[in-house]
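Coordinate-derived values only; no laboratory data. Treat the numbers as computed from the prediction; the structure is a model and nothing was measured. Note that we place each Cβ from the backbone using ideal geometry, even for glycine, and neighbour counts take in every protein chain shown.
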Amino acid sequence: MKNFLSTKDLTKEEILNIFDLADTFRELNTRGVKKAPALAGKTVINLFFENSTRTRTSFEIAEKRLSADSINFSVAVSSAQKGETLIDTVHNLESMKADIFVIRHECSGAVKFVADNTPVPVINAGDGLNEHPTQSMLDIYTIRRAKNRLEGLNVTIMGDISHSRVARSNIWAMKTMGMNVRLFGPPTVMPNDVTSFGCKICKNIDEALDDADALIILRIQRERQGELLIPSAREYARFFGVMPHHFVKMKKDSLILHPGPINRGVEISSHAADSDKSAILEQVENGVAIRMAILCMVDKGIKA
Ligand code: CP
């Protein structure tokens, strides 16, 4: 594995290998001294061309726990602001002997474009509305830890499917793991080619919640919507949000996940976000271990 760009070409065995390695790092992350020497002497550069709280911090913590020299490239104060191209920026950082690039970019395909133009291994930390593969791995890992299995589980991904890289990465990987993926959201934010995803499309929220082992709730990605596709947040909350009265329709042990940032009172009520069904903060915790596993695998160039 030179790069980690997509979940599309991962096999079941490769995903399980990532989870096995993450198990060992999860344990390490509970110790007093949370340090392993796996990436000692390696330089990892995090290039985030788009805002991030969870992914950037999670990668930085993962790199430091693996003893790497972790560098955060700040786009706002970089020469990208003076017109330097993405590839020129990357070539310059390459010359400083970077060992791994972790890249987030607002343009779909930009991370693969970099990977195709550098010998340095690249990890996709989210590209436009294309993919967010490390988020998908931590989502599925969180579900497996809660359910002790994946095959045959019903998962509903609900919200702005069109503009969600999390939805895409999860659909590919969850289907590989034998999970039944259903989609639910306003028709204005359903992709035109949604039938090619091979998922059931739910007609209303009752259908979306029915027999769901896990819900992945997405926020409305206003920054990626070229036009106003959701006329009113209040209306969205009423027809598409997970609210307290929905709990009676959910399975007793159904799990609520959200990649964050959450919009309380819009796609998810505080009741749902803070309930004992919520695994939102477990996702964040597991994200560090998952990213440690992926960093190690990419560094060693091993097939996941
Ligand atoms: N889940 C996620 O990608 O969050 P951030 O945008 O804060 O990194």
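DSSP beta bridges confined to region 106-217 are antiparallel in about 10 percent of cases. For region 193-281, the mean projected area of the C-alpha convex hull, equal to one quarter of the hull surface, is 6.4 nm². Pairwise alpha-carbon distances in region 1-158 exceed 26 Å for 30% of all pairs.
Remark on ILE268: its backbone amide H falls under 5 Å from those of VAL242, ASN263, a criterion applied only to residues 5 or more positions apart or on other chains, H modelled at 1.01 Å from N. Over region 101-206, Cα pairs under 8 Å with separation of 6+ residues give a relative contact order of 22 percent.
The charge dipole of the chain, taken about its Cα centre with unit charges on the Cβ atoms of Lys, Arg (+1), Asp and Glu (-1) only, comes to about 480 debye. Sequence-ordered 3J(HN,Hα) estimates for region 63-69 from the Karplus curve with 6.51, -1.76 and 1.60 and θ = phi - 60° stand at 5, 5, 5, 8, 6, 6, 8 Hz, glycine and proline given as x. Which value in Å does the Kirkwood hydrodynamic radius of region 1-92 take, with 1/r averaged over all unlike C-alpha pairs and then inverted? For region 1-92, inverting the mean 1/r across all distinct Cα pairs yields 15.5 Å. Both the radius of gyration and Dmax for region 133-279 are 14.0, 42 Å, in that order, over alpha-carbon atoms.
Principal semi-axes of the equivalent ellipsoid, √(5λ) from the alpha carbon gyration tensor of region 78-151, are 31, 13, 9 Å from largest down.
If you take the alpha carbon radius of gyration of region 95-207 and divide it by 2.2 N^0.38 Å, what ratio comes out, to two decimals?
Details: Rg = 16.0 Å, N = 113, 2.2 N^0.38 = 13.3 Å.
Region 95-207 yields a ratio of 1.21.
Relative to one another, the C-alpha centroids of region 148-174 and region 13-63 are positioned 23 Å apart. An ellipsoid equivalent to the chain, defined through the eigenvalues of its Cα gyration tensor, has semi-axes of 32, 22, 17 Å when rounded to whole angstrom and sorted largest first.
Place a +1 charge on the Cβ of each Lys and Arg in region 133-279 and a -1 charge on the Cβ of each Asp and Glu, then give the dipole magnitude about the Cα centre in debye, rounded to the nearest 20.
Working: 20 positive and 16 negative charges, 43 e Å.
Taking the Cα centre of region 133-279 as origin, the dipole is about 200 debye.
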